[in-house]
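Data first, discussion second: the structure below is written as C-alpha cells.
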Amino acid sequence: MRVVFIGPPGSGKGTQARLLRERLGLICIGTGDILREAVREGTEVGLKAKPFMDSGRLVPDDLVNDLVAERLRRPDAPRDFVLDGYPRNVAQARALDALLVELGLPLHAVVVFDIDDALVIRRLLSRQRADDSEDTVRQRLVAFHQTADDLVRYYQHRQLVHLIRADAPIEHVYVRIASLLLPKDA
Ligand code: AMP
C-alpha cells in the first residue's frame, strides 16, 4: 500500500504514520523529518533548507524532490510506504508521479486530514519544536493553504482522495485510515 498524507502541520499526520508503522509495519517517509535530520547533521541540503524551515516557508521543490527520489531509488527502499508532508504542491506531485512511474509503484490512496486552523494553532503552540513559534506556525499554515487546495484537486481528478476528520480522537482517526487501507491490503 502506497499512501500520501496531506494535512496542515499539527493535524496528526505524524502520529498516524507512527501508528501505521507500529501496527501494520508501514514505512513512513516524512520530508520534514528528513530535512530536520539534514539540518542537525549540517549537510549541504540541511544548510540550504534551514532558512526556509526556520521561517516556516516551503523548501525549494528541487531540493525536496531530489531527497525523496534518492530515498525511493535506493536498492533497499520500501515498495510500500506512507509519504508524510510530501508532496506539498502540484509541482512536487508531478515530480512524484514521474518517479513512481519510473519505479512502477503507483499510489493507492491520498488521505486528506481535515481540521480547523484554530485547533491546529492551539496544538502546535503546546508542543515544543524549534519551528513552532507562533509566527512560524501561522506562516506554515499560510504556506499549507496556498498550495493544498490545488494539490487535493490534482489527486481528486485521479479519484485517490479520502477526506478524514482529523479533530477526532487519535484512535478514531486511526481506525478510519486503517479501514481505508486494509481491505485492499488483505
Ligand atoms: P513538517 O514537519 O512536514 O511540518 O515540515 C517542516 C518544514 O520542513 C516545513 O515548514 C518546510 O519548511 C519543510 N518541508 C517539509 N516537507 C516539505 C516539502 N514537501 N516541500 C517543501 N518544504 C518542506
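No lab work stands behind these numbers, since they all come straight from the coordinates. The model shown is predicted, which means the values in this text are computed figures rather than measured ones. Backbone-built Cβ (ideal geometry, glycine too); neighbour counts: all protein chains shown.
Among all residues of the stretch 102-117, there is at least one that is farther than 19 Å from K13 by Cβ and hydrophobic (A, V, I, L, M, F, W, C).
Just one of the listed residues (A109, A130) is surrounded by 15 or more Cβ atoms within 10 Å (Cβ to Cβ) and small (G, A, S), and it is A109. Considering (1) touching a Lys or Arg at 6+ places or on another chain (Cβ under 8 Å); (2) surrounded by fewer than 19 Cβ atoms within 10 Å (Cβ to Cβ); (3) under 18 Å from S55 (Cβ atoms), the lone condition that D114 does not fulfil carries the number (3).
Checked against (1) under 21 Å from M1 (Cβ atoms); (2) surrounded by fewer than 19 Cβ atoms within 10 Å (Cβ to Cβ); (3) in contact with a helix residue (DSSP H, G or I) (Cβ under 8 Å, 6 or more places away or on another chain), V101 meets all criteria but (3).
Any residue at all in the stretch 144-167 that is under 19 Å from R18 (Cα atoms) and crowded, with 18+ Cβ neighbours inside 10 Å? Yes. Any chance the stretch 102-112 includes a residue that's in contact with a Phe, Trp or Tyr (Cβ under 8 Å, 6 or more places away or on another chain) and within 13 Å of the ligand (Cβ to nearest atom)? No, every residue in the stretch 102-112 fails to be in contact with a Phe, Trp or Tyr (Cβ under 8 Å, 6 or more places away or on another chain) and within 13 Å of the ligand (Cβ to nearest atom). Residues that are in contact (Cβ under 8 Å) with a residue 40 or more places away in the chain and either within 16 Å of Q92 (Cα to Cα) or assigned to a loop (DSSP other than H, G, I, E, B) (or both) within the stretch 159-171 comprise L160, A166, D167, listed in sequence order.
For the stretch 9-28, the tally of residues that are in contact with a strand residue (DSSP E or B) (Cβ under 8 Å, 6 or more places away or on another chain) and more than 9 Å from the ligand (Cβ to nearest atom) stands at 10. Of the numbered criteria (1) crowded, with 17+ Cβ neighbours inside 10 Å; (2) among the small types (G, A, S); (3) on the phi > 0 side of the Ramachandran plot, the one G25 fails is (1). The residue pairs whose first member lies in the stretch 39-65 and is touching a residue at least 12 places away in the same chain (Cβ under 8 Å), whose second member is surrounded by 15 or more Cβ atoms within 10 Å (Cβ to Cβ) and among the hydroxyl-bearing types (S, T, Y), and whose beta carbons are closer than 6 Å, counting only pairs six or more residues apart or on different chains, are G56/T136; V64/T31.
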